[in-house]
Structure formats: structure tokens, C-alpha cells
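A short worksheet on the structure shown next.
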There are 2 protein chains.
Amino acid sequence: MRERLDEAAGYALLEKYGIGVPAHRLARDRAEAVAAARAIGYPVVVKVVSPEIVHKSDVGGVVTGVADRIGVMAAYEQVRTAAAAVPDARFEGVIVEEHLPPGREFLIGGTTDSAFGKVLTVGTGGTLVELLRDVSFRVLPIDEAGVRAMVRELRSYPLVKGYRGSLPLDEEALVRAVLAAARLFEHEAVVEFDINPLVLYADGAAAVDARVIAGTPEVTQMPEKVQFSFPDPRTIAVVGASADPTKVGYAVMRNLLGFDGRLCPVNPHREQVLGLPAYPSVGAVPGEVDLAVVAVRASLVPGVVRDCGEKGVPLAVVISAGFGETGDVGQRLEDETSAAARKYGMRLLGPNCLGLMLPHLGINATFDPISPQKGHLGFLSQSGAVITTVVDWSVMTGTGFSAVVSVGNQADLSFTDLLPAVAADPATRAMILYVEEVKEGRRFLEAARQVADTVPVIAVKSGASAKGRAAASSHTGSLAGSFEVYSAAFRQAGILQAGSIEEAFQIGELLASEGYPQGERAYVVSGAGGFAVLASDYAERHGVALQTIPDDILRDLDAVLPPIWNRSNPMDIVGDGGAGRYARVFDVMIEHQDAWDIAFVVTVPSAVLNPIEIAHEIVRFSGKTGKMVVPCLLGGETMRGAVRVLKNHCIPNFPEIEDAFRAVGTVLRSGRRGRGALPACDTGAGD
Amino acid sequence: MRERLDEAAGYALLEKYGIGVPAHRLARDRAEAVAAARAIGYPVVVKVVSPEIVHKSDVGGVVTGVADRIGVMAAYEQVRTAAAAVPDARFEGVIVEEHLPPGREFLIGGTTDSAFGKVLTVGTGGTLVELLRDVSFRVLPIDEAGVRAMVRELRSYPLVKGYRGSLPLDEEALVRAVLAAARLFEHEAVVEFDINPLVLYADGAAAVDARVIAGTPEVTQMPEKVQFSFPDPRTIAVVGASADPTKVGYAVMRNLLGFDGRLCPVNPHREQVLGLPAYPSVGAVPGEVDLAVVAVRASLVPGVVRDCGEKGVPLAVVISAGFGETGDVGQRLEDETSAAARKYGMRLLGPNCLGLMLPHLGINATFDPISPQKGHLGFLSQSGAVITTVVDWSVMTGTGFSAVVSVGNQADLSFTDLLPAVAADPATRAMILYVEEVKEGRRFLEAARQVADTVPVIAVKSGASAKGRAAASSHTGSLAGSFEVYSAAFRQAGILQAGSIEEAFQIGELLASEGYPQGERAYVVSGAGGFAVLASDYAERHGVALQTIPDDILRDLDAVLPPIWNRSNPMDIVGDGGAGRYARVFDVMIEHQDAWDIAFVVTVPSAVLNPIEIAHEIVRFSGKTGKMVVPCLLGGETMRGAVRVLKNHCIPNFPEIEDAFRAVGTVLRSGRRGRGALPACDTGAGD
């Protein structure tokens, strides 16, 4: 049920929460309008009252600066004529209100998001809202500090503080109004509202227009779930195991042949599969089964899941497709499957997923022919193709994983369950999420917030469609598209949002190795002038603040660098000194490590630079400081061995210098700060 | 000489070019102000007149809406008091002018750029100019179409057309005013001006404030230069040739040993160098010398260049450093060197450069140990380190070049000379420029415009940030110009501006293979749902318009695709069909090739997809259409062979899907459109 409150009711609601509004009266006819104006005092504003007219100004339904009785009558007629021109609009009279002096216009709005619930919007208001798109969002609840941050994020915030000689405006009044609106939205049966404009003065603020949609948001009640953790299986059953290389049940079996526990194919039509004795059902497998991988056709899945439940299997990975993703019939099958699992207290991954990879346990319970390396990244993905692509790429670049999980339809285990479970693995030093849609948004945010306190979480959100925005009826609705809401929610939960999968992995590997920086004082050490210039551009583009070098550091650098070095940041240490010169600069930086937080190290192919040597120097540099060291060994073949040395110490290289600044910029924008050196990390591969 | 015109003189200048201004009068005292107001008619505006006060509003030097005689007197006093509060400001009276009604505020401005000369600015005006940064720039001269384009580029343009029910404004009046201001700027002795605001109404426009700086721009008169083309040398002399592996003169010799003409080391202290007979001077080399590479210390260079001139050498590549980049003494040496070359009509590359690589002629006249492959890209770079890095990377990725040129200090040959010379090589199918600073901007634009008509030109401009400019000054011996002006100038010349070196090469290889698209109708064919979703996000992010699939194409696709395909664009053709399914979709697209201009093809690693097969299908698809085909074979090792197949047909692969959309977005934003299929292009490497 959604119903738009009329303007007077909207004003009343705002007043209840202490938001100032102009004196106003409803008038059903011309005579009442004149009387209302006299009571309020001139000048007044005359606005149309019609349930069907949402954007009154746009149709000529608002007359401002009405100075006298004749003016009121003329305004009344104008507004009535304007309403008559709108098809199917009922004219219910006018509202006459105090004409407040002009001021700076803001917008406060609220929408209800299907994933995250109530979302608050603050922005530059007026008629140009969509053009300016100067807005900030927060998922409710929000406290005063949160409201202040929202206001300060606005591009127009300098206008509040007083800009180029203009008077400062009443920031406190703005904050109070936003906080009051947040309380209103939390406590009232309101699904959407739009205060535009809230006029802000040097002293005070007033809401001059309010559109409020009453209603109760539909909240899907989710059953409380038990905390999930991954089993350390001794026995894995593959239901639907096959010797036919074109079958998924073959690919899964082949991938699991490397598992050093007991592998039990289940197939009623075979004596054995790939040389292992096969069982007619999960129930027929002797002893305990710790993990069942299910790759049979969809219609058989509920039965198989029941069998697993009877057997006491704690976790089933259902790879089979043909469920909710195909329509209503499939959805019923999916519901039946998850009900069966729930009945036995068994957890379910999928259905319609690629499966699960736990490299440290030698488990590849997917049909992806390639198995990833062991490592420190946990990866959850809503797309199986994204996993096969990433794994293929990871083998080439030497990126390793603690877990790779395809979440599928999330019939039972969802991002909310899997994120803490993978993060709890001590091998996991960063979590990467490829998200199309989150279910139970609030629970997800709560889980993510807890994880992000100890393990960095980086997400790529896809599906940023502009379609819904165009159709939205309110200003706020047109601004708060699902992508913007996800971005705000991620930020609130401490999740870093990457613009691409590539960037997510760059950030993940960087944070896994170096941790969050303690501050934002950044330096660039470059052996090439051209890249020093580019570094400086990219730093500015991505919000990385390059420090002016303090005198004491400058003095120590002068002692180790040739006289022609540029003496500024980015440091152009001149390319003719080899790794030894970098090492001497690192020594100075190590000595002065209290003065900085982030160091980018840029090297280019050169006859005098030994790449392996510089890689070892960078490892030493990173190890001797609790700081974020970001290597950019640029080039190709020449740097390959050096990149491997870094990788063996878990330090990622950025072969494209802009990527390094983009990644660090994203980290800095999150506002998250580290607490110093992480425990050393290496892949055990030696140098 | 720079002098600010007083407001009346500024107004007079605008009126001369037909730009409307309010009725106004100068008043030296209070009585004159009252008289002026009476003559003009109330209400009026009273503004301070003081040569020292530039931003009158900011100091309280403007009173608007003055309604009567008392008001004028009060305003006069207020303005005089305000002026008195500004240190060292002389108060010369007030200007009284007609108070025009409010309207939408624009800005028209002009500045003189050190590289490109007079630059026109149009933007959203008022007091928030710096905050909004809603501006467009053009290097003069500009015609009416150019002015219209500037206006339409503004974010606030929808306000001119009438937005959400507001009245449309007089776009023609705005265009006339901007064009008039452009004429004024071209013809008058003005180095800078600022009309802010120009108030635009539903009918007409008026300049309400004008700040004009009279003066004559310092134009460095450059001598006319002869058109340059590269020699096809039979004899190359290396001056400063050395057998000492730590010397540049050794590295150059070693790189040139593969040259199949005559290589003559010049070294007065040696009988032979690397087994070749050495000569005491260039003059002593028997027969003609077509190219001299100079790697001796700076102080010897003018003498060597004179020797080369005497000998009739047409081109000297001066690798030696220690010239203008080091200060005044070096600059004098540089001037002496270029004067010597000029005297003999000899052309000079450098000094302070890495040298020159012409792979098709087997020439690597640089000290970079790695020689690039033959190919279709011409690359000019102002940084030697960028060249060594790019070349190292290119060998790994199989990117080939027609020429790689390090421009160095551009004492003689500059971007302006080198761009047409490299583009004239039939092997060159795209030009890539890494630019820190352009000299003789107008000549450069003229040259680039001509080249860009036939060969795509892609530039990376560095030195965008304040810090970058500082780094640039220490690097190239000259301050880099303003980033915005460069962007505008590049655009006007038809140069595509890339955000990074990586993007420049992606665009260059794509255009070298596929040419400019004829239109912007784009399709995505993906075998994976997740990447279809991401493709849709990236298309929106980078301004690539995905078409709705017309019914006839949909029908033909239905005939070749499984029923569960998504029937929309991006097409998710479902991953289980292998290369054959892609081929059938390509056939439909080939059949309907009049209906589209750009096709992205996305594939992921999969047991059922043969990468080599899909690569051949893409080559066929590209060959059978005159359209832009953009492959995104995602993953790593699995795709390596397939990427090589594409590369052998000069078709670049985009392993990161966002890069593909970014590159195509940059191409589309340029507005350049192709004329259909390019001649087939391959590397001759076979499959």
C-alpha cells in the first residue's frame, strides 16, 4: 500500500520531527485563498493541490511572490488552468503559504531499496537536481556523525562554509534537518519522501516543498540461520559421477582425483567410475560422508538432497542447473530442495553453481578444468564464468587462493554466510566478491562489517542499469539507483568497491601483502622522469596525496643521490644508478618511516638496472617498514623474473602505473586505516 | 604589456562586436551617481570602479536592485567603504547601470596559452564557476559550428533547451554572443577576457560584467621549416662509437650491427670498433653518409654537427644529453648545435633523446638493448624511459612498430615535423604520441589535422597536475601547458586523447586493424552471463550505446541459438555451444551488417570452447564485414594461442573487458567515423 500524503499532511509530518516549514493554509476556492493569504501576510506562494500532479512547478502549478489580493486571485486562476491542462488531474484547490526569502537549496530524500531497505539521500536541491547529481546516500540507520559526513561529501559543501566572500550558511540547521528527516523515515510508515527544496539560510532552514509516500515496505522475513563453517572433509561423495568426458559428473570426478581423502563416486548404473568403486546412492557409501557434490539433473536433486540428509552429510554442493533461474517450475524445485536440506540441518551451496575450490585442502569440487594455486585470497562469485576466467588468469600471474566459491542461486548459503566462513580461514588475507545481487541486505551488511574489521573485503558490483532511474517518479528515486545504493551500503559496511574485477584483485593482493596504510602520506620513487610526470598525474586523478619532502629527508636524500635529482615528489632519482641507488633511497625512507605511509616504487627496463636485485630490495624495503610499498616494475619480459620474486613474498606488482594509483586511491577513499605491519607473508615458493 | 580596461571601456569593446550590455554611466561622485541613475531609470546596479579590484562582488563592491535616489546614495557609500577596505585599492567612482532581470548565467572567457595561443572558454557562469567546472574550450580560430558544439558540450545545455517544464532560452543569442566574443578576441589586442555573467533570457542575452586585459601576446616567431621525411639509409655513421659496454656509443653500435647497409663507427682513438673499421671523423668516412648517430659528450656536439653538415649528412640523431634540459649553459650549447645544423640544411633529432628505431629497415639507432618487432604503429615519445618500457612490453605482447622516435629536446625536429613523416610511411596504420609539451602549437595542430584525416593519431598528454607540471619542468627543461587546453586542441585536430599509455596502444592497435567505426550502433556477443552483465555496465560507463536488437535479426538469431538465450543486447548466447555457436551468430551478424557498426565478442575459458577455433572465426567475422570487431578473449594461459592467431591478423585482443569499452568509448567520443573496411592487415607470421 502506497499513498501520497497531501502537502499539508506532509508539512505536518515534518513539523512533528522539528523540521521548519512555511506558514500555510489549504484553500478550496478563490475566496478561501484570499482569506488564507491575508491571514498569513503578503507576499505568499500559491501552489496547486492535486493528487495526480507530482512536479507542480513543471506544469506551472506554483506562483511565487504573490503581493496582494488581486495577485492571489490571478494566481488561483493560473494554477487552476494549469491543473486543467494535465490529463486526469483532479483539482482540489490550492495551498497558500508564506513566501520565504531565497536561500541555498538542498534536497533531503528517502527511498526504500529492495535489498537494503530505507536509504537516505542528501543533495544540492532545486530544479537542477538531476543535472547536478550532487548527492550522497546512506542506508539507515544513521547517526549524527554520519549525517555530517553526508553533508561534507557534497560538491556544494564549500557553499555552506562560505565561498568567495559569500556568507557561511547555517550548517548546523542543515545537519539538524537531515537528522530529523532520518528519524522521521525510520519511525513513520513512509516508503519514500522528497523534501526539495530545503532552503538554507545564514540562520536556520525551512522545507518549502515536501512529497511523502506513506506505506509499509514489504520485508521478506528470512529464517534465522546457523553460522556456517567449511568442513575439512575426509570423505567426498560425487553424486552423478560419470566416466563420460562430456559430462559435468566426469569433470568433477577428474578434478577431485587429487584429493588425498576418500573419494566416492555415486552412480546406480556403474560398478566403478575412473577406477574407483561406485555406490548406488549416498546412503550406500560406508562410513561418514563429509561433503557431497551433486551433478545430476534438476528433477533428481530434491531426492538426492534427502538421501544426503538421511546420511548426515553436513554440506552439499549442488552444481546442477534448472532451478529458480529458469522460472516458476524451477523455483518450486529449488524450494523443495532447500526445504529438504533444512529438514536435516544440512547446508547447501547452489544450486546452479560452478562449485567450490579449497586449494589448501587439495579440493576442486567444480567442473572447471583448471585448479587454482594455494594463496591468500578468498573469492566469492555470483558468476561461474567469472570464476573460470579468473582462475585461468590467476595461474598465469601466480595469484593464489584460500577458497573460490561459486554462490549460484544462494538457495541456502548466501554471500552473508559464505563471507564470514571463508574469512575465518587463517589463510585468507583478503576477500573478493563478484556481486550481481545481494539477498537480505541488512544481514549481509552486518556480516560484512564484522569481517571487514579484520580482513579487507573488496567487491565488484555489476548490473548498474540506468533503466529504473529514468522511470522513477521522484527526484530522489531518480538519483538513488540500485548501483548508488549498493555503493553507499558497501561503504558503510567497510567494503571497498572496485570498478572492475582486475582492480578488485589488484587491491586484494595489495592489502593481503601490505595491509591498509596507516595514513595517506604518499611518496613516489622513480628512476625515469617520464613516469615521474605520469605518476604525478595519476596521483591527482585518483586522489593520492603526494607529500612535499621535508627538509631532513631531503638532506639525507641529497647525500645519496646525484646532484641533478629533482628534489621533489615524485622523486626522479635518475636512471643511471641501478638497484644500488634505489637501495640507498630505501634506506633513507626506512630511517624516516614515521614521516610517510605509502611508497610507490617505479622502475623501467634499463641496461644498468638488475630487475632481480631491485625486486629483492623492494622485498627488504617492505619488510623493514610497516608501510604500504607499491612496486611498479614496468615493461614486459625483462621484469618477469623480478615480478616472480615479489610474488613469492606475496607482493603484487603493478605493470601499469595508473593501476597502482587507482588501487591505492580506492583504498584511501574507503577511509580505512591500518595498524602497522602485517605478519610476513610468502608463498613458500622461495625466490 | 598587459593592462586591464575599466568597465566602461570593456563594455564599449563588447558593444563594438554586437554583444548586448546594460545601459550604463560612469559617476565620479555621489551626485553624478544619482544623476546617472535618473537618466538610466530605476532600478539600477551600482558597482565600484577601481583598477585594483578584480572580483567586485567578492569584496562587497556591487549593490543590485537599487530602487530610488536614497538607495543610490546609500549604495555609493557602501561601495566606497568596501573599496577602502581593500588594501592599496584606488577608488575611482562607480558605474551605474540598468538592473536587468535575472536569467541563466553563462561565462565567456579568453586566455592566451603559451603553446596554442588564444583559447576561448564557454561555461556555466555566476559565482560558482570554479565549483561547477562546467566549461568547454577551443583554440581559436573557431567558426559558428564550433561555437554551437561548445555550447552543446556543457552539462547545463539542457537548461538552454528548456528542462522539466522551464522555458527554453535563446540559444541563438548565446551562440551569437560567443561568436562575437571569439571575433573580438581574434581581432583586438586583448590577451585575456572574462564576460561573467552573460545573462541569457528566453529572448536575448546581455553581458553584465566584463573584465578585459589588453595587451599583445608574445608570439615566438618560428622559422619556416622544410617538410621532413625519413631517409632510407645505406650508410650510418656512429659518432662516439665505443667498445666499452658501459658506454652509450657501444650500445648504439651493438644495436646497429643488424643493419644490412654500411655501418661506420667514428672514433678518433680507435682503429676499429666491434670489428668494423673506425674513422677519425665523419668527414673521413668514404662515400656518402645518410644518417649520423651522435653519442659524444655535449660540449663536442656542435663541432660534430658541423662536420656532419660539411659532409652533407641529411639527418643527425643526437643522443647526447646536457643541453637545454640542464639550464642556460646547456641551452646555449643547444642553440649553437641547431644553428650549425640549420646552416648546412641538415635535420637534427634530439638532443637528449634515446634515438630512433625503424624496424622495417632493421635500424635500432638507440641504446635500448631491445629492438621492437615490425608492425603498423608509429610511436613518438618525449620520454626515453617510456620508450624502453613500451618496447619491452611490446615484445612480450607481439605489438609491432613502423617507427619509434624519441623526440628529445626538439631543438630542430619536433612533433610537428615527425608526426607527418612517420605517418607518411605506408606501413604506419596508427600514430601514438606521448607528449609532455608541444612547441609551436598552431603549426602542430595544422600538421596533426592533416595526418589525422588519413591515419588515426592517439596522444597521451602528461603533466596534467600541478605536481606533474613541476616534475615536467625539471624533466624536459620547459613548463608543460594546461591539460584542458591540450585536450581541447587535440580534439580540434582530430587527435584521440587516451588516459594512459596502455589505453593509447589499445586504441592504436584497434584502429590500425579495424579503422574508425562508421557509426555507433554496438552489439555484444557473450558466451557467459556474468560478463554480459558487466559488458552492459561498462558500455554505460564509457558511453557505448548498445542497440535494441531489431525483430528481423532476433528472428534469425532465434533460429541458431538455444531457446534459453536472453534475446537482448548484450547477447548471452549461453556457453555450451562452443565456437560453432559463435560462428552461427557471426553469420547472422554478417548477413545483417548494415544494421550495426561495432561488435564486441566475449569468450571465457570453457571445456567446450576451442580458443584457436573461435579466434579464426573472429578473423573471418572481421574480414567479412567492414565493421569494428572487438574481441575480448578473457582468461590467461588458455587463450594464449588464440590471442596469437588474432595478433597475426593484426587484431588486438582485450583481456580485460572494461578496457575494450573504454577504448571504443574514447574512439566514439572523438566523433570520427570511418568509411568502411580497411585493406586487410597481417603480420606475415602466419597462424
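Quick test for you: out of A:Gly529, A:Gly494, A:Gly515, pick the one residue that is within 14 Å of chain B (Cβ to nearest Cβ) and either over 24 Å from the mean Cα position of the chain (by Cα) or buried (at least 18 other Cβ atoms within 10 Å of the Cβ) (or both). Only one candidate passes the filter, namely A:Gly529. Taking B:Tyr523 and the conditions (1) in contact with a Leu (Cβ under 8 Å, 6 or more places away or on another chain); (2) among the hydroxyl-bearing types (Ser, Thr, Tyr); (3) at pLDDT below 95, which numbered condition does it fall short on, given that it satisfies the others? Against the list (1) in contact with a Leu (Cβ under 8 Å, 6 or more places away or on another chain); (2) among the hydroxyl-bearing types (Ser, Thr, Tyr); (3) at pLDDT below 95, B:Tyr523 comes up short only on (3).
The residue that is nearest to the other protein chains (Cβ to nearest Cβ), among those in the stretch A:569-593 that are under 20 Å from A:Val604 (Cβ atoms) and part of a loop (DSSP other than H, G, I, E, B), is A:Pro570. Among the residues of the stretch B:371-414, those that are out of contact with any strand residue (DSSP E or B) (no Cβ under 6 Å at 6 or more places or on another chain) and in a helix (DSSP H, G or I) comprise B:Ala385, B:Thr388, B:Thr389, B:Val390, B:Val391, B:Asp392, B:Trp393, B:Ser394, B:Val395, B:Met396, B:Thr397. Counting only helices (runs of 4 or more DSSP H) that sit wholly inside the stretch B:236-343, those with at least 1 residues that are in contact with a helix residue (DSSP H, G or I) (Cβ under 9 Å, 6 or more places away or on another chain) and in the same structural domain as B:Ile363 (by TED's automatic domain parsing) are B:301-311, B:328-343. Of all residues assigned to the stretch B:596-609, none qualifies as being in a helix (DSSP H, G or I) and without any contact (Cβ under 8 Å) to a residue 12 or more places away in the chain.
Just checking, how many residues over the stretch A:559-568 are buried (at least 18 other Cβ atoms within 10 Å of the Cβ) and either at pLDDT 95 or above or more than 12 Å from chain B (Cβ to nearest Cβ) (or both)?
Start the filter on the stretch A:559-568 by keeping residues that are buried (at least 18 other Cβ atoms within 10 Å of the Cβ), which leaves A:561, A:565-566, A:568.
Of the ones still in play, those that are also either at pLDDT 95 or above or more than 12 Å from chain B (Cβ to nearest Cβ) (or both) are A:561.
Qualifying residue count, the stretch A:559-568: 1.
Checking each residue of the stretch B:613-627 against the condition of being touching an Asp or Glu at 6+ places or on another chain (Cβ under 7 Å) and surrounded by fewer than 24 Cβ atoms within 10 Å (Cβ to Cβ) gives no match. Would you call B:Gly623 over 25 Å from the mean Cα position of the chain (by Cα) and within 14 Å of another protein chain (Cβ to nearest Cβ)? Here the answer is no, as B:Gly623 does not meet what is asked. Please work out which residue is surrounded by the most Cβ atoms within 10 Å (Cβ to Cβ), limiting yourself to the stretch B:113-152 and to residues that are within 14 Å of chain A (Cβ to nearest Cβ) and over 19 Å from B:Gly103 (Cα atoms). Checking each candidate, the answer is B:Leu131.
The set of residues in the stretch B:67-83 that are of a type in the set (Asp, Glu) and at pLDDT 90 or above contains only B:Glu77.
Restricting attention to the stretch A:161-199, report how many residues are assigned to a helix (DSSP H, G or I) and in contact (Cβ under 8 Å) with a residue 12 or more places away in the chain. Give the derivation first.
Taking the stretch A:161-199 as the starting set, the residues that turn out to be assigned to a helix (DSSP H, G or I) are A:161, A:171-187.
From what's left, in contact (Cβ under 8 Å) with a residue 12 or more places away in the chain: A:171, A:173-186.
Looking only at that region, the number is 15.
Looking across the stretch B:532-558 at every residue that is among the charged types (D, E, K, R) and touching a residue at least 40 places away in the same chain (Cβ under 8 Å), the one that is farthest from the other protein chains (Cβ to nearest Cβ) is identified as B:Asp552. If I filter the stretch A:439-455 for residues that are under 16 Å from the mean Cα position of the chain (by Cα), closer than 29 Å to A:Gly345 by Cα, within 13 Å of chain B (Cβ to nearest Cβ) and surrounded by fewer than 24 Cβ atoms within 10 Å (Cβ to Cβ), do I get at least one hit? Taking every residue of the stretch A:439-455 in turn, none turns out to be under 16 Å from the mean Cα position of the chain (by Cα), closer than 29 Å to A:Gly345 by Cα, within 13 Å of chain B (Cβ to nearest Cβ) and surrounded by fewer than 24 Cβ atoms within 10 Å (Cβ to Cβ).
When the stretch B:27-56 is limited to residues that are small (Gly, Ala, Ser) and surrounded by fewer than 17 Cβ atoms within 10 Å (Cβ to Cβ), the one that is nearest to the chain's Cα centre (by Cα) turns out to be B:Gly41.
Is there a residue in the stretch A:225-235 that is modelled with pLDDT of 95 or more and surrounded by fewer than 18 Cβ atoms within 10 Å (Cβ to Cβ)? Yes, there is a match, as at least one residue in the stretch A:225-235 is modelled with pLDDT of 95 or more and surrounded by fewer than 18 Cβ atoms within 10 Å (Cβ to Cβ). Candidates are the residues of the stretch B:628-642 that are under 18 Å from B:Val525 (Cβ atoms) and of a type in the set (Val, Ile, Thr); the one that is nearest to the other protein chains (Cβ to nearest Cβ) is B:Val630.
Exactly one residue out of B:Ser406, B:Ser402 is farther than 23 Å from B:Lys311 by Cα, within 11 Å of another protein chain (Cβ to nearest Cβ) and not β-branched (Val, Ile, Thr): that is B:Ser406. Please determine whether any residue of the stretch B:369-380 is in contact (Cβ under 8 Å) with a residue 60 or more places away in the chain, farther than 23 Å from B:Val313 by Cβ, surrounded by 23 or more Cβ atoms within 10 Å (Cβ to Cβ) and within 12 Å of another protein chain (Cβ to nearest Cβ). No, every residue in the stretch B:369-380 fails to be in contact (Cβ under 8 Å) with a residue 60 or more places away in the chain, farther than 23 Å from B:Val313 by Cβ, surrounded by 23 or more Cβ atoms within 10 Å (Cβ to Cβ) and within 12 Å of another protein chain (Cβ to nearest Cβ).
Listed here are the residues, each with its yes/no results for (1) assigned to a strand (DSSP E or B); (2) farther than 18 Å from A:Glu509 by Cβ; (3) in contact (Cβ under 8 Å) with a residue 24 or more places away in the chain.
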residue: A:Val422; (1), (2), (3): no, no, yes
residue: A:Asp425; (1), (2), (3): no, no, yes
residue: A:Ile432; (1), (2), (3): yes, no, yes
residue: A:Phe444; (1), (2), (3): no, yes, yes
residue: A:Ala447; (1), (2), (3): no, yes, yes
residue: A:Val460; (1), (2), (3): yes, no, yes
residue: A:Gly463; (1), (2), (3): no, yes, yes
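Given the conditions (1) within 14 Å of chain A (Cβ to nearest Cβ); (2) assigned to a loop (DSSP other than H, G, I, E, B); (3) not hydroxyl-bearing (Ser, Thr, Tyr), which single one is not true for B:Pro158? Every listed condition holds for B:Pro158 apart from (2).
Residues are listed down the side, and each one gets a yes or a no for (1) free of Cβ contacts under 8 Å to residues at least 40 places away in the same chain; (2) among the acidic types (Asp, Glu); (3) within 14 Å of chain A (Cβ to nearest Cβ):
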{"site": "B:Val45", "(1), (2), (3)": "no, no, no"}
{"site": "B:Val48", "(1), (2), (3)": "no, no, yes"}
{"site": "B:Pro51", "(1), (2), (3)": "no, no, no"}
{"site": "B:Ser57", "(1), (2), (3)": "no, no, yes"}
{"site": "B:Arg69", "(1), (2), (3)": "yes, no, no"}
{"site": "B:Tyr76", "(1), (2), (3)": "no, no, no"}
{"site": "B:Arg80", "(1), (2), (3)": "yes, no, no"}
{"site": "B:Pro87", "(1), (2), (3)": "yes, no, no"}
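Pairs meeting the criteria (first residue in the stretch B:13-34 and within 23 Å of B:Pro101 (Cα to Cα) and touching a residue at least 40 places away in the same chain (Cβ under 8 Å), second residue of a type in the set (Phe, Trp, Tyr) and surrounded by 19 or more Cβ atoms within 10 Å (Cβ to Cβ), beta carbons under 7 Å, at least 6 apart or on different chains) are B:Val21/B:Tyr11; B:His24/B:Tyr11; B:Ala33/B:Tyr76. When we screen A:Lys343, A:Lys374 for residues that are of a type in the set (Lys, Arg) and within 28 Å of the chain's Cα centre (by Cα), the only hit is A:Lys374. Exactly one residue out of A:Val544, A:Val485 is hydrophobic (A, V, I, L, M, F, W, C) and in a loop (DSSP other than H, G, I, E, B), and it is A:Val544.
Residue-wise test of (1) in contact (Cβ under 8 Å) with a residue 40 or more places away in the chain; (2) surrounded by 24 or more Cβ atoms within 10 Å (Cβ to Cβ); (3) more than 27 Å from the chain's Cα centre (by Cα).
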residue	(1), (2), (3)
B:Arg306	no, no, yes
B:Lys311	no, no, yes
B:Pro314	yes, no, yes
B:Gly355	yes, yes, no
B:Leu358	yes, yes, no
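The values are calculated or read from the model by the stated rules, or taken from the named source; none is laboratory data. Note that this is a predicted model, so its numbers are computed, not measured. Here Cβ is always computed from backbone atoms with ideal geometry, including for glycine, and neighbour counts include all displayed protein chains.
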